């Protein structure tokens with residue numbers, strides 16, 4: 001797919017990002033995000049876009065949690081272009097953004113830990129991420145019975 005590239009998300013991408021995330025959430029690959037969450041955090045998102053069409057084929061967000069740590073979240077790539085390296089490139093865009101911001105510790109909560117381990121993330125106990133637990137997780141319907149895996153990268 002030569003017509004694909006990664007860029008920062010735009011307001012007109014929100015409905016497609018939402019549809020992509022909801023599709024993945026139905027398959028229990030990630031937790032769903034509401035339109036409100038997407039509009040409020042649009043600046044966190046990178047998208048995999050098409051040069052000659054308005055489509056969004058993938059997305060990933062970098063969410064700042066505290067002065068020294070951020071989270072990779074909402075990573076999704078269309079099924080028909082998975083296994084082509086686009087997920088890793090979306091994560092790399094977020095990691096580059098973290099470094100630009102001066103953040104050198106990035107974590108993720110995921111149902112796909114092996115994907116992130118291949119990118120250099122290491123497993124970590126959720127208790128080592130207190131800002132995350134009390135900021136977002138407490139509002140999650142799965143809290144406190146979280147079944148996601150926590151991983152972290154120290155750059």
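Which residue, of 54, 32, is part of a loop (DSSP other than H, G, I, E, B), at pLDDT below 95 and surrounded by 13 or more Cβ atoms within 10 Å (Cβ to Cβ)? Matching residue, one of 54, 32: 32.
For the range 59-71, the criterion of a residue being farther than 24 Å from residue 15 by Cα, modelled with pLDDT under 95 and assigned to a loop (DSSP other than H, G, I, E, B) is satisfied by at least one position. Please go through the range 25-52 and pick out each residue that is more than 12 Å from the chain's Cα centre (by Cα) and in contact (Cβ under 8 Å) with a residue 40 or more places away in the chain. The answer is 28, 48, 49, 50, 51, 52.
Is it true that residue 93 is surrounded by 14 or more Cβ atoms within 10 Å (Cβ to Cβ), in contact with a helix residue (DSSP H, G or I) (Cβ under 6 Å, 6 or more places away or on another chain) and either modelled with pLDDT of 95 or more or in a loop (DSSP other than H, G, I, E, B) (or both)? No: the conditions fail for residue 93.
The values are calculated or read from the model by the stated rules, or taken from the named source; none is laboratory data. Treat the numbers as computed from the prediction; the structure is a model and nothing was measured. Because the Cβ atoms are built from the backbone with ideal geometry, glycine has one as well, and the counts that use them run over all protein chains shown.
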